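The structure appears right after this line, and notes come after that.
The values are calculated or read from the model by the stated rules, or taken from the named source; none is laboratory data. All values reported here derive from a predicted model rather than from experimental measurement. Positions of Cβ are generated from backbone atoms using ideal geometry, with glycine treated the same way; all protein chains shown enter the neighbour counts. What goes into the accessible areas is simple: the full protein's heavy atoms, side chains included, and nothing from ligands, DNA or RNA. Shrake-Rupley method; radii C 1.70, N 1.55, O 1.52, S 1.80 Å.
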Amino acid sequence: MSEILILNGRLVDPLNNIDEPKDLLLRDGRVAAVETPGALKGAAAAEVIDAAGLVVAPGLIDVHVHLREPGQTYKETIATGTAAAAAGGFTTVVAMPNTVPVNDTVEKLAWMLAPERGSVVNLVAMPAATVGSMGVEVTDFEALRAAGAVGFTDDGKPVLEDHIMRAALVAAARVQAPVSQHAEDTRLTGGCSMNAGPMAFRLGLRGMPVEAEAKIVERDLQLLREIEKSEGLRPHLHVQHVSTTRAIEAIRSAKREGLHVTCEIAPHHFALNEEAVGDYNTHAKMNPPLRVEEDRVQMVEALLDGTADCIATDHAPHAAFEKRQEFERAPNGITGLETALGVALRVLHRAQGLSLSRIVQLMSTTPAAIVSLAGRGALGVGHYGDVVLFDAGAEWTFDANASRSKSRNTPFDGAPMLGRVRYTICEGRVVYRG
Amino acid sequence: MQKVSEEEAAAGAQRPYAEGSLLSVAHLSVDEISRILSETDRIRSLAPAERSAILRGRTVALLFYESSTRTRTSFELAAKSLGATTTLVSDKSSSIEKGESLKDTGLTLRALGAECIILRHSASGAPFVLARETGLPVLNAGDGMHEHPSQALLDLRTMLTRLRGPEAAKAVDSKALAGVTVVITGDILHSRVARSNAMLLPKLGARVILCGPEKLLPELALGLGEGVEIERDFDRALAQANVAMMLRIQRERLAGLELDLGDYIARYQLNGERLAAHAPKALVLHPGPMIRGLEISDEVADGPQSAIEEQVAHGLAVRSALLARALRAGAFGKGNA
Ligand SMILES: [Zn+2]
């Protein structure tokens, strides 16, 4: 089968503790060799990529995307969403279950993951934690796990009831997968469309209090403690899109305590604050909402000190007509796959000095570990040939109209980006050239 | 070159809305406020025949998703007095197509010849959507809990006329209300009138004190801008007031927030005794509709300190100027005004 030789690049592979010039040979979809520059000169390859000046890293992994198929293909399809992923340097994405119908059975999961859907990158999924994501009855974790589920979530809403969340955590621990929680106490956020703060007051909008997020995180952490004590199990809680100081504080101390908790932060939550809502900009409307500047700073802090395990986009495409209406009526969510790396490098690497190795860790190595993707998130011999090549110093401006996603709902249209993806290679196939 | 202050620069910033729109008082510079007031005065002084030539042949649409006799009638009469043709589209008359988006309704009105849309809507920010989507000048006649800019401008004209005299109401600068304290009392949280006034009046040097219980007036209100303060004790606030602006209280809101009606009246009703004791010279305003016996007593509403009826007259005048501004007519049609 095909071979790709990547020469003269700077290999950044945190798992193998590498950040130095290396040449790579991909063969039959896998990494066949990682050598010091020049050592692979004799190797024959169908394609030779000169990666001089480029970072060569394990393909990015996004544990939180909405691909809208089945049911809402006017917003996105698996084919268009994963094309956007490839353009953003992602080689694996984890599809959320809030499709229509909700992905809550083995049959629906298999349909979503079937080759006919036309995914251009490695596609995995987290099916619903409860039937129909209604929060009442836990789905069949064992069967779903056997069919490829990498975790369970009712994303878009929380698993609200204590005993249901407890049952989900127990069932997930038995099949060694995380429960991914959208932490929002919806009893506190009815009718709310942005963060509760001075901006919401000025705009006359009802605001979601920060407690709504923290309360669910704190409740879930308490459930972990109880289950560890009473069941002898060690459930894995993954907290999605953390946005508040109080929630990240709770996670920080739970980690110190030794609980099995991981969390993600979305680029918009470490790059923007509620001021981005401006004149009712629906492209700055998502859930959880953009918070105040102090929260944004704390999200950056959590990424720097390791409290945050990974960056996830919560890519949530919506059609233009849905966003071009009254702020309170417009749906939550923004696209994010093509801007995640550019924002992360600008905000965390350039402005905060976070190393490229840590960026790759946050966007590939650790996400792979969170959803237990064997052979991904690193570039050792025998690993999948999932590679992103990017020019870490390239400055550019994101143009939403050039997006590969079907939708354009991003607050980053026209925003400065740092680091341009030149190649995305998934299992040894070039899926994007920039 | 005239020096442009930061505030002027911000107010004059490029926006994707047609010139002449009035969506938020935050968009108004002091110069623009002054121009609106002088045009208000000029239009008032015209003979009816001259006045009705200003918008002759022009078409204005009133798009009302919420009922509002007062504001709608005021805008409608203002437009007619300038000679404009008006068309009213309201959900009461069910002429708003069920389920049609605001954008599509706006585009339909534009296609029918509307050159300006006056919008009242229950969703905060709706006028921004309409202005962006139609490209027409839009006048915000009240959007959700957000703003009611024309009400704040008419309140301003009322204050200037009563406190400073009619001449002073013809033009303003950033010190026009220096030394004036305006106390706004009641349901600030849900009030678009409060927000517009609290953001407009400090631009002219006024000090704004917001007054009410925590549930109707969260500390967040301080974020409305500089020159805004909170005083929970009504008597203490009144003692500082040159203007006492009372807001309507909706009974169902008090119930929803578990506020005791009797207690509210005892603490926040503006009655004769309280006014005489703490603010015997203050001007009393109310944007209406009033609930007599709740936030304000009869004798105060009808008393000598009340300018509530005058507010209505100023509303008609100010809205005429806003329409001329929206359609680049009258003084706004000449030169770079
Ligand atoms: Zn979510």
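Condition first: open to solvent by less than 10 Å² (accessible area, probe 1.4 Å) and either of a type outside the set (V, I, T) or more than 13 Å from A:A84 (Cα to Cα) (or both). Now tell me which residues in segment A:308-323 satisfy that.
A:A308, A:C310, A:I311, A:A312, A:H315, A:A316, A:P317, A:K323, listed by residue number.
Does A:V34 meet the test of being within 16 Å of the ligand (Cβ to nearest atom) and in a strand (DSSP E or B)? It would help to see each step written out before you state the result.
Details: within 16 Å of the ligand (Cβ to nearest atom): no; in a strand (DSSP E or B): yes.
No, not satisfied.
As an exercise: evaluate A:T244 against (1) more than 30 Å from B:A131 (Cα to Cα); (2) open to solvent by less than 10 Å² (accessible area, probe 1.4 Å); (3) among the hydroxyl-bearing types (S, T, Y); (4) away from the ligand (no atom under 16 Å from the Cβ) and give the number of the one condition it does not meet.
Looking at each condition in turn, A:T244 falls short on (4).
Let me spell it out: the conditions are (1) in contact with a helix residue (DSSP H, G or I) (Cβ under 6 Å, 6 or more places away or on another chain); (2) buried (at least 23 other Cβ atoms within 10 Å of the Cβ); (3) within 14 Å of chain A (Cβ to nearest Cβ), and B:E133 meets all of them except one. Which number is the exception?
Checking B:E133 against (1) in contact with a helix residue (DSSP H, G or I) (Cβ under 6 Å, 6 or more places away or on another chain); (2) buried (at least 23 other Cβ atoms within 10 Å of the Cβ); (3) within 14 Å of chain A (Cβ to nearest Cβ), the one that fails is (2).
Scan segment B:106-121 for residues that are within 14 Å of chain A (Cβ to nearest Cβ), closer than 24 Å to B:L28 by Cβ and either open to solvent by 10 Å² or more (accessible area, probe 1.4 Å) or under 19 Å from the mean Cα position of the chain (by Cα) (or both) and report the count.
3
I'm trying to understand the selection: among the residues of segment A:118-139, which are more than 16 Å from the ligand (Cβ to nearest atom) and either in contact with a Ser or Thr (Cβ under 8 Å, 6 or more places away or on another chain) or aromatic (F, W, Y) (or both)?
A:G118, A:S119, A:V120, A:V121, A:N122, A:L123, A:V124, A:V131, A:V136, A:E137, A:V138, A:T139
Can we say B:K103 is more than 17 Å from the chain's Cα centre (by Cα) and more than 13 Å from chain A (Cβ to nearest Cβ)?
no
Would you check which residues across segment A:172-201 are over 23 Å from A:A312 (Cβ atoms) and away from chain B (no Cβ under 14 Å) and list them?
If the condition is that a residue be over 23 Å from A:A312 (Cβ atoms) and away from chain B (no Cβ under 14 Å), then A:R174, A:R187, A:L188 are the ones that fit.
Please pick out the residue among A:E274, A:E293, A:E326 that is within 14 Å of chain B (Cβ to nearest Cβ), open to solvent by less than 20 Å² (accessible area, probe 1.4 Å) and without any contact (Cβ under 8 Å) to a residue 60 or more places away in the chain.
After applying the criteria, what remains is A:E326.
Restrict the check to segment B:170-184 and report whether at least one residue is closer than 30 Å to B:S45 by Cα, more than 14 Å from chain A (Cβ to nearest Cβ) and of a type in the set (D, E).
Yes, segment B:170-184 contains at least one residue that is closer than 30 Å to B:S45 by Cα, more than 14 Å from chain A (Cβ to nearest Cβ) and of a type in the set (D, E).
Give the residue that is nearest to the ligand (Cβ to nearest atom), with candidates limited to residues of segment A:301-343 that are under 26 Å from A:E249 (Cβ atoms), touching a Leu at 6+ places or on another chain (Cβ under 7 Å) and not in a strand (DSSP E or B).
Among residues in segment A:301-343 that are under 26 Å from A:E249 (Cβ atoms), touching a Leu at 6+ places or on another chain (Cβ under 7 Å) and not in a strand (DSSP E or B), the one nearest to the ligand (Cβ to nearest atom) is A:T313.
Where the second residue is of a type in the set (A, V, I, L, M, F, W, C) and not in a helix (DSSP H, G or I) and the first is more than 14 Å from chain B (Cβ to nearest Cβ) and farther than 30 Å from B:L200 by Cβ and lies in segment A:202-222, which pairs have Cβ atoms under 6 Å and are six or more apart or on separate chains?
Correct list of pairs: A:A212/A:L188; A:E213/A:A183; A:I216/A:A183; A:V217/A:A183; A:V217/A:V239; A:D220/A:L237.
Taking segment B:261-281, which residues are exposed (fewer than 14 other Cβ atoms within 10 Å of the Cβ) and out of contact with any helix residue (DSSP H, G or I) (no Cβ under 8 Å at 6 or more places or on another chain)?
Result: B:G262, B:D263, B:A266, B:E273, B:A276, B:P280, B:K281.
Check B:Q240 against each of (1) more than 14 Å from chain A (Cβ to nearest Cβ); (2) open to solvent by less than 60 Å² (accessible area, probe 1.4 Å) and name the one condition it does not meet.
In the conditions (1) more than 14 Å from chain A (Cβ to nearest Cβ); (2) open to solvent by less than 60 Å² (accessible area, probe 1.4 Å), B:Q240 misses (2) alone.
Across segment B:137-147, what is the total count of residues that are more than 10 Å from every other protein chain (Cβ to nearest Cβ) and open to solvent by 10 Å² or more (accessible area, probe 1.4 Å)?
Here the count works out to 1.
Has segment A:68-86 got any residue that is among the aromatic types (F, W, Y) and assigned to a loop (DSSP other than H, G, I, E, B)?
Initial filter on segment A:68-86 (among the aromatic types (F, W, Y)): A:74.
From the residues that got through so far, the ones that are assigned to a loop (DSSP other than H, G, I, E, B) too are A:74.
Yes, the conditions are met somewhere in segment A:68-86.
Would it be correct to say that B:P287 is closer than 17 Å to B:A152 by Cα and not in a helix (DSSP H, G or I)?
It is true that B:P287 is closer than 17 Å to B:A152 by Cα and not in a helix (DSSP H, G or I).
Among the residues of segment B:185-224, what is the count of those that are away from chain A (no Cβ under 14 Å) and of a type in the set (S, T, Y)?
Of the residues in that region, 1 qualify.
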